[in-house]
Amino acid sequence: MAWDGSSFHGYQRQPNAFTVQEALETALHACVGTRVSVVAAGRTDAGVHATGQVIAARVGWNHSLSDLARAWNSRLPGSVAILDVHRVPEDFHPRFDALTRTYEYHVLSHRLPTAPRRWPLQRRACWYVPVPLDLRGMNQAASLLTGTRDFGFLGVAPDGGHTVRTVLKACWERNPAVWDHNGELHALRFMVTANAFLFRMVRRMVALTVKVGRRQLTLTDLRSLRDSVGGVTPGPAPANGLVLSRVTYATPISDMWKAGKA
């Protein structure tokens, strides 16, 4: 599934705020006539987007899966979309069965010293940084944040457990800007894949690597922070640039029911 997180207070249902989970469950209830809990592969903060979230629900449905997708989408707000529906084994859990998760983070930087302080056209989908950024330095910084290690300096575990994670890939790349403003804007995309993430871990990775790109932090400083005990990490980058783009499993979701029946 996918959503624009601008109007939501994150994924998980909350008593006094509108969330993606509430939208999904309300729409699904209208389709199947019973209250159903929708479980997700990962929770996201307010303002965070998704293009590859995986959710699961147990429902009674006597029609085709494509009919369910159409019915569900017809009752969802325009900022949320069910992209595909598959039948899976009853013991499937989108969070606990996931092998990896991939996030993207989008930054729009300005290459001129006379850059405007704000860029409203893409404010919901990226972090606007009104200075040039050193892409090579940001990738060197990102390489220091890979591997299996204690990432406690970047966040806490959602369940209060250990903070060791395996980051398989972390890199920055140029991403052609929708609004290049005569070539003055540079669109950059951070891609990171890990077995799991800590609370606000990706946004802190972005904040640190952008500091290196702005030459406000050296690679030596970052390495010292990474290797220190109880190091103080700058606050996270804004939520609006973050997108949950992919979740992978040992068996592709489209093949799970057939594999489970074999």
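Of all residues in region 20-35, none are at pLDDT below 95, assigned to a loop (DSSP other than H, G, I, E, B) and either open to solvent by less than 50 Å² (accessible area, probe 1.4 Å) or among the acidic types (D, E) (or both).
Can you find, within region 78-111, the residue that is most open to solvent (accessible area, probe 1.4 Å) among those that are in a strand (DSSP E or B) and among the aliphatic types (A, V, I, L, M)? The extreme case among them is A81.
Any residue at all in region 128-135 that's in contact (Cβ under 8 Å) with a residue 40 or more places away in the chain, of a type in the set (F, W, Y) and in contact with a Leu (Cβ under 7 Å, 6 or more places away or on another chain)? No. Flag set for R215, criterion: assigned to a loop (DSSP other than H, G, I, E, B) and open to solvent by 10 Å² or more (accessible area, probe 1.4 Å). As a summary of the residue check, A125 satisfies the conditions (1) of a type in the set (G, A, S); (2) out of contact with any helix residue (DSSP H, G or I) (no Cβ under 9 Å at 6 or more places or on another chain); (3) open to solvent by 30 Å² or more (accessible area, probe 1.4 Å) except for the one numbered (2).
One residue stands out in region 40-64 among those that are under 22 Å from G5 (Cα atoms) and open to solvent by 50 Å² or more (accessible area, probe 1.4 Å): the one that is modelled with the lowest pLDDT, namely R43.
Taking residues in region 212-231 that are in contact (Cβ under 8 Å) with a residue 24 or more places away in the chain, and partners anywhere that are surrounded by 12 or more Cβ atoms within 10 Å (Cβ to Cβ) and among the β-branched types (V, I, T), the pairs with Cβ atoms closer than 7 Å and at least 6 places apart or on different chains are R214/V131; L219/V212; L222/V212; L225/T233. Scanning region 1-19 for residues that are open to solvent by less than 30 Å² (accessible area, probe 1.4 Å) and over 20 Å from W61 (Cα atoms) yields a count of 8. From the residues in region 65-77 that are small (G, A, S) and open to solvent by 50 Å² or more (accessible area, probe 1.4 Å), which one is modelled with the lowest pLDDT? The residue in question is S66.
Within region 60-111, the set of residues being free of Cβ contacts under 8 Å to residues at least 60 places away in the same chain and of a type in the set (A, V, I, L, M) comprises L65, L68, A69, A71, L76, V85.
Within region 162-176, the residues that satisfy the criterion of being in a loop (DSSP other than H, G, I, E, B) and under 15 Å from A194 (Cβ atoms) are H162, T163.
The values are calculated or read from the model by the stated rules, or taken from the named source; none is laboratory data. Please read these numbers as outputs of a predicted model, since none were measured by experiment. Quick reminder, even Gly has a Cβ in these numbers, built from the backbone with ideal geometry, and neighbours come from all protein chains shown. The protein model used for the area step is the full one, side chains on, heavy atoms only, and it has no ligands, DNA or RNA in it. Shrake-Rupley method; radii C 1.70, N 1.55, O 1.52, S 1.80 Å.
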